[in-house]
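Peer 1: After the structure tokens below, expect a handful of questions from me.
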Amino acid sequence: MGQVRKPVVPRGAVRTFFDRLHALHSAAGHPSMRELQRSTRSRQRPNGINPTTIHQALSGPRMARWDTVHALVSQLGGNVEEFAALWQDGRRAEFEPEQPVGDAGHCVGRPTPKALPPDVPFFVGRTRQQAELCGLLAPLGQAARTAAISGTAGVGKTALAVHWAHRVADRFPDGNLYIDLRGYDPASVMPAAEALASLLRGLGVRAANVPTEVSECAAWYRSLLADRKMLIVLDNARDTDHVRPLLPGTPSCLVVVTSRDSLAGLVARHGARRVRLDVLELAEATELMRELLLPGFDRERAAIEALAERCARLPLALRIAAELANSSTVDNLADLVREFTDDERRLDLLNAGDDPRTAIRSVFSWSYRRLPEDAAGLFRSLGECQDRLLDLARVAALARTTADQAGRLTEVLVRKSVLERVGPGEFTMNSLLWAYAADCQRRF
């Protein structure tokens, strides 16, 4: 006999489903799991349903997929239409978000997540980019609204996304979600299933009820967002495929994606608005340095400008350099500027202690390691070049390849925000990336 213990679940649609399923199993004489396996064989499923899967479908506590339930109900002689309705009610109950409970024990409304990380201190510039983001606040028809912020490592993509999200958070009464997708993390990229599980929990879904199938997770995620006005920040995406399952299906939500990738597919296929970040203007870079430096240093205007240029006007490098000046024993910034003259020494200095996420060499390395081998080889070769403005002929000579192949490799580097296109067939990089390319050439 195949008697199976009923799962212990709260009263409601899920318990009703399991009560009816067990009653049906009992009425059929408690056939064993093996017997049910044999009876569910078909052309599409020649071995039948696995006995373990059948046992899990009966013992819960989570409800099985509909195709499994449909096959079991059919073989047990049940009413498929009745069980389809029971299964749908149960699934809705399984994924219904947990409700906060008031003093009297009644629900007081859906959770309103406020998941944004703290705003970045001393944010400067990016006026045009913030205006572009604000252009998405007005409804743009029936499509979901998405911004794709792209740029090189350390240029401030996360800072812009989080700063702007705090500015407009009150425009989204149902709250906000934030997740670091670890697209260029040195350890591991966050899989879509893990990201969706995190987002569903943020929306109040009980952890035990989160599906394991990515497609199921994505469907319930979109369903829960369908009638909500929320702001969602998907930070540090690897590429378009990485974020595609995480996009809502309705225009009530606004999504901000950041990536070192250009996210061309997100723009072309999903209508995202591209927001491209370059290094700061010199005036913005020196303003940020003056905000970050201790009183006294801010009087050395020429040295501040020189240090900003040595940092390639890259926001992360500017912050590290300011901290280095504040914590060092130098009497004036001019001494520090002289230390930044040597490229290799400059990379060594731009290291914020024991945090690899704020060390220039480390954050550049995460981009480098994601490049295809031939593109990585070209990047290393660029470190040998004294001319910071490149054309395809010069690239082909450095890579010892054809013009067509050089064009393909430069497109890869542009897409990954390593090279910057400055004109038809013309490219450049910021000075810190040039220094890192030479560093890689020496090391590898």
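The values are calculated or read from the model by the stated rules, or taken from the named source; none is laboratory data. Because the structure is predicted, anything quoted here is derived from the model rather than measured. Positions of Cβ are backbone-derived with ideal geometry, glycine not excepted, and every protein chain shown enters the neighbour counts.
Peer 1: Would you tally the residues in the range 1-22 being in a loop (DSSP other than H, G, I, E, B), surrounded by 12 or more Cβ atoms within 10 Å (Cβ to Cβ) and at negative phi?
Peer 2: 5
Peer 1: So, one more: Taking Leu350, is it in contact with a Cys (Cβ under 9 Å, 6 or more places away or on another chain) and within 18 Å of Leu293 (Cβ to Cβ)?
Peer 2: Details: in contact with a Cys (Cβ under 9 Å, 6 or more places away or on another chain): yes; within 18 Å of Leu293 (Cβ to Cβ): yes.
Answer is yes for this residue.
Peer 1: Take the residues in the range 23-75 that are surrounded by 14 or more Cβ atoms within 10 Å (Cβ to Cβ), out of contact with any Ser or Thr (no Cβ under 9 Å at 6 or more places or on another chain) and aliphatic (A, V, I, L, M), then tell me which one is modelled with the lowest pLDDT.
Peer 2: By that ranking, first place goes to Met63.
Peer 1: Take Leu333 and tell me if it is over 27 Å from Pro121 (Cα atoms) and surrounded by 21 or more Cβ atoms within 10 Å (Cβ to Cβ).
Peer 2: no
Peer 1: Residues that are of a type outside the set (D, E, K, R) and closer than 23 Å to Gly154 by Cβ: find the helices (runs of 4 or more DSSP H) completely inside the range 383-444 holding 3 or more of those. Step through it out loud before you land on a result.
Peer 2: Working: elements: 392-399, 403-415, 431-443.
So the answer is 403-415, 431-443.
Peer 1: Do you know which residues across the range 402-444 are buried (at least 18 other Cβ atoms within 10 Å of the Cβ) and hydroxyl-bearing (Ser, Thr, Tyr)?
Peer 2: If the condition is that a residue be buried (at least 18 other Cβ atoms within 10 Å of the Cβ) and hydroxyl-bearing (Ser, Thr, Tyr), then Thr410, Ser417, Ser431, Tyr436 are the ones that fit.
Peer 1: Report, ordered by the first and then the second residue, all pairs with beta carbons closer than 6 Å, sequence separation of six or more or different chains, a first member in the range 130-141 that is modelled with pLDDT under 75, and a second member that is in a loop (DSSP other than H, G, I, E, B).
Peer 2: Pro139/Pro251
Peer 1: What number goes with the only condition from (1) in contact with a Lys or Arg (Cβ under 7 Å, 6 or more places away or on another chain); (2) among the hydroxyl-bearing types (Ser, Thr, Tyr); (3) over 27 Å from Ala207 (Cα atoms) that Ser59 does not pass?
Peer 2: Here Ser59 clears every test but (3).
Peer 1: Something else about it: Condition first: more than 15 Å from the chain's Cα centre (by Cα), among the basic types (Lys, Arg) and buried (at least 17 other Cβ atoms within 10 Å of the Cβ). Now tell me which residues in the range 180-223 satisfy that.
Peer 2: Arg222
Peer 1: Please go through the range 81-117 and give me each residue that is part of a loop (DSSP other than H, G, I, E, B), modelled with pLDDT of 85 or more and touching a helix residue (DSSP H, G or I) at 6+ places or on another chain (Cβ under 8 Å), ordered by number. Full working, then the answer.
Peer 2: Here is the first cut: in the range 81-117, the residues part of a loop (DSSP other than H, G, I, E, B) are 95-100, 102-106, 108-113, 115-117.
After this cut, where a residue has to be modelled with pLDDT of 85 or more as well, the list is 112-113, 115-117.
Scanning the range 81-117 gives Pro113, Ala115, Leu116, Pro117.
Peer 1: Any idea which of Val267, Val255, Val279, Val275 is in a helix (DSSP H, G or I) and either within 26 Å of Gly135 (Cβ to Cβ) or in the same structural domain as Arg182 (by TED's automatic domain parsing) (or both)?
Peer 2: Values: Val255 fails: in a helix (DSSP H, G or I); Val279 fails: in a helix (DSSP H, G or I); Val275 fails: in a helix (DSSP H, G or I).
Matching residue, one of Val267, Val255, Val279, Val275: Val267.
Peer 1: Among (1) closer than 30 Å to Arg370 by Cα; (2) in contact with a Lys or Arg (Cβ under 8 Å, 6 or more places away or on another chain); (3) surrounded by fewer than 18 Cβ atoms within 10 Å (Cβ to Cβ), where does Thr240 come up short?
Peer 2: Looking at each condition in turn, Thr240 falls short on (3).
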